[in-house]
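Here the structure comes first, spelled out in structure tokens, and everything after it is commentary.
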Amino acid sequence: MGILKPALFTRRDALLDRLAQRHVYDLAIVGGGATGLGVALDAAARGFSVVLVESHDFAKGTSSRSTKLVHGGVRYLAQGNISLVREALHERTTLLSNAPHLAQPLAFIMPSYKWWETPFYGIGLKMYDALAGKAGLGATEFLSRAETLAALPTAQSDGLKGGVKYWDGQFDDARLALALARTAASHGALLVNYCRADDLLYEDGKIAGLKCVDTQSGRQYCINARCVVNAAGVWVDELRQKDGATSSLERRATPAMVAPSQGVHIVVDKEFLQADVGLMVPKTADGRVLFAVPWLGKVILGTTDTPRNDLDREPMPFKEEVDFILSESARYLRRAPSRSDVKSVWVGLRPLVKPQDDDGESTKGLSREHTVLVSRSGLVTVTGGKWTTYRAMAEDVLDKCVERGLLKPSPKGVTTHLKLVGAGDAGGKAHSICLAPGLHSYGSEQALVQSLPGADVLLCAGLTHAMVRFAARYEYAIKVEDVLARRSRLLFLDARLAGSLAAQVGEILLDETGINPEVAEFTALAEHYLTLPY
Ligand SMILES: Cc1cc2nc3c(=O)[nH]c(=O)nc-3n(C[C@H](O)[C@H](O)[C@H](O)COP(=O)(O)OP(=O)(O)OC[C@H]3O[C@@H](n4cnc5c(N)ncnc54)[C@H](O)[C@@H]3O)c2cc1C
């Protein structure tokens with residue numbers, strides 16, 4: 001069992017002072033999403049010295065834009081990928097147990113409108129239960145039409161035959177990323193956001209560290225490390241190609257490893273679902289999967305799977321994607337959400353791993369599993385996979401580092417029962433993640449949040465001045481976006497409301513950190529999250 005430690009301050013000048021010290025780290029990690037943070041935690045918990053640099057904010061990339069499901073992947077079962085499902089089901093249990101304030105079980109219902117759907121999908125889901133074994137969260141049930149409508153009162157009732165109820169999990173992705181970062185820090189790791197890895201250091205043709213730049217001041221740092229892990233999500237190829245250009249004997253261009261695929265989510269008010277269960281459509285009119293998930297007091301609708309060639313930090317949804325989500329939702333919900341009901345729209349890029357001879361035009365056949373590659377010079381690149389399996393991915397990465405002699409052998413499994421920051425007993429019953437956010441989102445750190453100035457001064461429901469101060473003091477936040485997009489999730493839930501709070505949040509942050517909180521930039525971003533293509 002992990003021992004819970006007191007919260008650590010995350011003052012930026014202190015973090016940068018540490019970064020400037022001459023030290024040879026065991027591991028330097030590039031990228032502060034689920035993958036990099038998972039590796040940082042596992043390595044730090046094993047006793048390795050670890051530094052992680054993130055070019056933007058922790059979870060600014062794909063890791064704050066997921067569908068928020070902790071899942072075994074029902075659709076991978078349909079594709080016959082049993083090992084992937086089994087691993088994810090195991091990881092689902094681990095995550096729910098190690099961060100119960102941020103990840104919880106959630107029931108889903110597949111409504112049936114054709115007579116064969118209930119038995120067909122029901123049998124598949126019974127197999128899902130069987131694969132989960134002891135890790136199961138509840139037995140799959142066949143529901144009558146009346147039972148389906150009782151659980152999903154806003155489901156389209158015309159032609160409804162019944163439904164199947166099964167269990168998976170849901171989570172707050174960006175707050176989980178923060179919990180991973182802070183837990184890694186409590187085991188000695190140094191993590192710095194707004195610090196971009198620009199180049200690699202070599203000794204005798206082997207990687208010996210990296211060069212990075214504090215994107216706020218422009219100051220450069222050299223980090224010496226025995227092993228460098230490239231966990232930059234869809235952006236891994238930038239560093240791989242730099243490495244290839246330096247170390248390849250043939251001087252050939254390094255082929256891209258990632259084929260990005262875009263997924264769009266739309267958020268609407270909870271009135272559209274009025275349920276504490278998710279709605280899952282296993283096969284839309286064009287054969288895709290669609291979810292309506294109750295999350296933090298709103299409903300997430302999505303997602304899509306559209307190949308993209310660019311790697312924009314804030315990609316725009318395509319018109320067809322928005323039309324698809326709205327029109328399919330209208331088929332399954334009694335009240336159809338329209339464009340004017342959209343509270344926020346956000347887009348994430350999946351780092352799908354392509355075979356080296358792939359043309360990148362279709363993402364359907366690409367691997368949803370993760371890949372770990374080690375280059376000739378020793379750069380360890382990891383990408384692909386999913387949030388749910390971040391812990392297993394981290395173990396695979398460290399195994400590979402040991403296998404290549406980059407790290408000393410060390411026993412794995414140290415994170416299986418390691419509680420994340422905030423997971424301790426907060427007293428009282430755990431609050432559902434379906435419900436609007438509030439103090440309960442802080443788990444066992446609620447008393448610490450309440451001890452800060454402004455604990456009873458609300459910015460809006462569920463967000464106080466003290467929470468902004470907490471984000472600045474303990475959660476690495478320096479910009480308004482850090483607070484309103486990822487410490488609080490308001491940008492993802494209600495972009496207009498988030499935009500209206502930018503100036504007030506900026507004032508508190510400036511008071512805490514003395515760093516420009518970039519208020520105008522956030523106001524523009526909030527507008528972006530409200531913009532739908534026509
Ligand atoms: C639409 C969608 C829905 C999804 N839904 C689910 C789901 O419900 N459940 C689930 O389990 N999984 C889901 N996933 C998958 C999951 O979100 C991803 O697998 C995971 O977030 C990838 O994490 P990552 O750390 O590899 O990438 P990222 O989160 O993108 O992290 C990479 C980080 O590297 C940083 N970086 C890049 N270049 C540099 C550099 N030079 N220096 C320093 N830092 C750098 C980036 O800023 C970024 O923060 C979903 C994915 C998408 C796209």
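The values are calculated or read from the model by the stated rules, or taken from the named source; none is laboratory data. This is a predicted model, so every value here is computed, not measured. Note that each Cβ is placed from the backbone with ideal geometry, even for glycine, and that neighbours are counted across all protein chains shown. Remember, those area values only see protein heavy atoms, side chains included, never the ligands or the DNA or RNA. Shrake-Rupley method; radii C 1.70, N 1.55, O 1.52, S 1.80 Å.
The phi torsions of segment 27-38, fed into the Karplus equation with coefficients 6.51, -1.76 and 1.60 and a -60° offset, translate into couplings of 9, 10, 10, 9, x, x, x, 3, 5, x, 5, x Hz, rounded to whole numbers, with Gly and Pro shown as x. Taking the longest Cα principal axis of the chain as reference, the axis of helix 319-332 is set at about 40 degrees.
Amide H to amide H, with H built 1.01 Å from N, residue 208 comes under 5 Å of 201, 202, 203, counting only residues 5 or more places away or on other chains.
Counting only heavy atoms of the protein chains and using a 1.4 Å probe, residue 93 has close to 50 Å² of accessible surface.
Take the residue pairs 114/134; 206/408; 354/386; 68/386; 386/412 and return only those whose Cα atoms are more than 22 Å apart.
Checking Cα-Cα distances, 114/134 exceed 22 Å.
With protein chains left intact and a 1.4 Å probe, residues in the chain average 40 Å² of accessible area per residue.
Note on segment 393-498: with charges restricted to the Cβ of Lys and Arg (+1) and Asp and Glu (-1), its dipole about the Cα centre is near 120 debye. Counting only DSSP H runs of at least 4 residues, each contributing -39500 (n - 2.57), and dividing by the residue count of the chain, the helix-based mean residue ellipticity at 222 nm comes to -9500 deg cm²/dmol. To the nearest ten degrees, helix 236-247 and the longest principal axis of the Cα atoms of the chain are 30 degrees apart.
Calculated on the Cα set of segment 51-106, radius of gyration then Dmax: 13.9, 40 Å. Over all directions, the projected convex hull of the C-alpha atoms in segment 416-534 averages 8.9 nm² in area.
The value obtained for segment 95-206, namely the Cα convex hull volume divided by the number of residues, is 227 Å³ per residue. When all protein chains stay in place and ligands, DNA and RNA are ignored, the 1.4 Å accessible-area order of 497, 458, 406, 176, largest first, is 458, 497, 406, 176. Principal-axis analysis of the Cα atoms of the chain puts helix 117-132 at an angle of about 40° to the longest axis. Quick one: Cα centre-to-centre distance for segment 279-334 and segment 137-184, in angstrom? Centre-to-centre distance over Cα atoms comes out at 16 Å. Residues whose amide H comes within less than 5 Å of that of residue 370, counting only those at least five positions distant or on another chain, are 385 (H built at 1.01 Å from N in the peptide plane). Note on residue 116: accessible area is roughly 100 Å² with a 1.4 Å probe, heavy atoms of protein only. Across segment 1-121, Cα-Cα pairs more than 22 Å apart make up 55 percent of the total.
Average projection, convex hull of the Cα set of segment 71-157: 6.4 square nanometres. Accessible surface of residue 149 in the full protein assembly, 1.4 angstrom probe, to the nearest 10 Å²? Residue 149 exposes around 40 Å² with every protein chain in place. Between the residues 297, 107, 90, the greatest Cα displacement towards the positive end of the dipole of the chain, with unit charges on the Cβ of Lys, Arg, Asp and Glu, is found for 90.
Mean 1/r over all different Cα pairs, inverted: what Kirkwood radius does segment 235-301 give, in Å? Can you show the working numbers first?
Working: mean 1/r = 0.0642 Å⁻¹.
The Cα-based Kirkwood calculation yields 15.6 Å.
Beta bridges from DSSP with both residues in the chain: antiparallel share about 80 percent, rounded to the nearest 5. Between 246, 423, 267, the Cα set farthest toward the positive side of the dipole of the chain (charges on each charged residue's Cβ, about the Cα centre) is that of 423. When 512, 203 are compared by accessible surface with a 1.4 Å probe, the order from highest to lowest is 203, 512. By the Stokes-Einstein formula, at 0.890 mPa s and 25 °C, segment 395-443 with its Kirkwood radius over alpha-carbon pairs has D equal to 175 µm²/s. The orientation-averaged projected area of the convex hull spanned by the Cα atoms of segment 143-296 comes to 14.8 nm². Dimensions of the chain based on its C-alpha atoms, expressed as ranges along the principal axes with the largest first, amount to 69, 55, 49 Å. Binning all Cα-Cα separations of segment 127-189 at 10 Å, short to long from zero, yields these whole-percent fractions: 18, 25, 26, 19, 10, 2.
Measuring nothing but protein heavy atoms, the accessible surface of the chain at 1.4 Å probe radius is 54 percent carbon and sulfur.
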